[in-house]
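The values are calculated or read from the model by the stated rules, or taken from the named source; none is laboratory data. The model shown is predicted, which means the values in this text are computed figures rather than measured ones. Cβ placement follows ideal geometry from the backbone for every residue including glycine, while neighbour counts extend to all protein chains displayed.
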Amino acid sequence: MIVRPAKIADAPAIARVNVDTWRTAYRTIVPADYLAKLSYEKREISWLEIISTAEKNAHFVYVAENKSGKIVGFAAGGRERMGKYMYQGELFAIYILEEYQRQGIGRQLLGCVAAKLADLGLNSLMVWVLGDNSACRFYEALGGEKVDELQTSRAGVLLKEIAYGWTDIAVLKST
C-alpha cells in the first residue's frame, strides 16, 4: 500500500471512496434514503476545494493506493477547528473502502496525519466520530481517550458524536 499526499487529480477517486464508505459504514446509522442521495459529483467539488486550498488553510489530505494505483482510502487533517479543546490538531476525516479495512491502512493514514501535524508543531490530536460507528473501537485501540460527546442532527436523525483525543501524538506517528 502506498500512502501519499493527495493531488487535485485525486478528487474524483476521493469522492468515490467518501460516498461509498458512507454508504457502508453508516448504513445502520443514517437513513437509507439519505445515503442513496449522496452524490459523487458534489463530493468531488468539495474535495477539489479542500485539496486546492490545503496549503493556504493549513490542512492536508493523504490517500492510500493499492498495488494497482487505485485510491482505496484517504485521511484529512489540520488544526483543531472548534477552538474549545486543548488539542492542537484534528483528524477531519478518514475513510477506507470496506474491502480494504482491517489491513492496517487506517493506521498508516493516521500515522501520516500525526507526522504531518508534528511537522507543523501540533503535537496533540482529536477526532469526532459517530457514536454508533465501529470506528470507535479503532480509536480506542490506538489509545484515544474519550474527550467529549454531543448530539448532532444528520439526515434528519439525532446522532451521538464522540470526540477522542491524544495529548501526545508521538504514539501515532509510528503506527
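Numbers at a glance
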item: Qualifying positions in the range 89-100 - part of a strand (DSSP E or B) and within 23 Å of LEU159 (Cβ to Cβ); result: GLU90, LEU91, PHE92, ALA93, ILE94, TYR95, ILE96
item: Test result for ASN66, surrounded by fewer than 21 Cβ atoms within 10 Å (Cβ to Cβ), over 29 Å from GLU145 (Cβ atoms) and not basic (Lys, Arg); result: yes
item: Pairs with Cβ under 6 Å, 6+ apart, first in the range 22-39 and in a loop (DSSP other than H, G, I, E, B) and exposed (fewer than 15 other Cβ atoms within 10 Å of the Cβ), second at pLDDT below 90 and of a type in the set (A, V, I, L, M, F, W, C); result: PRO31/ALA155
item: Index of the failed condition, ASN133 passing every other in (1) outside any loop (DSSP other than H, G, I, E, B); (2) out of contact with any Asp or Glu (no Cβ under 7 Å at 6 or more places or on another chain); (3) at pLDDT below 90; result: (1)
item: Selection within the range 62-88 - part of a strand (DSSP E or B) and over 18 Å from ALA135 (Cβ atoms); result: VAL63, GLU65, ILE71, GLY78, ARG79
item: Neighbours by Cβ (under 6 Å, 6+ apart or cross-chain): first from the range 162-175, on the phi < 0 side of the Ramachandran plot; second among the small types (Gly, Ala, Ser) and modelled with pLDDT under 85; result: ILE162/GLY131
item: Which numbered condition ALA114 fails, given (1) surrounded by fewer than 19 Cβ atoms within 10 Å (Cβ to Cβ); (2) touching a strand residue (DSSP E or B) at 6+ places or on another chain (Cβ under 8 Å); result: (1)
item: Enumeration of residues in the range 40-61 that are in contact with a strand residue (DSSP E or B) (Cβ under 8 Å, 6 or more places away or on another chain), outside any loop (DSSP other than H, G, I, E, B) and either surrounded by fewer than 17 Cβ atoms within 10 Å (Cβ to Cβ) or not hydrophobic (A, V, I, L, M, F, W, C) (or both); result: HIS59
item: Qualifying residue in the range 109-130 (condition: modelled with pLDDT under 90, touching a helix residue (DSSP H, G or I) at 6+ places or on another chain (Cβ under 9 Å) and not in a helix (DSSP H, G or I)); result: yes
item: Residue satisfying all of: in the range 115-146; free of Cβ contacts under 8 Å to residues at least 60 places away in the same chain and small (Gly, Ala, Ser); nearest to PRO5 (Cα to Cα) among these; result: ALA115
item: Residue under evaluation GLN103, criteria (1) more than 24 Å from GLU161 (Cβ to Cβ); (2) outside any loop (DSSP other than H, G, I, E, B); (3) not hydrophobic (A, V, I, L, M, F, W, C), criterion not met; result: (2)
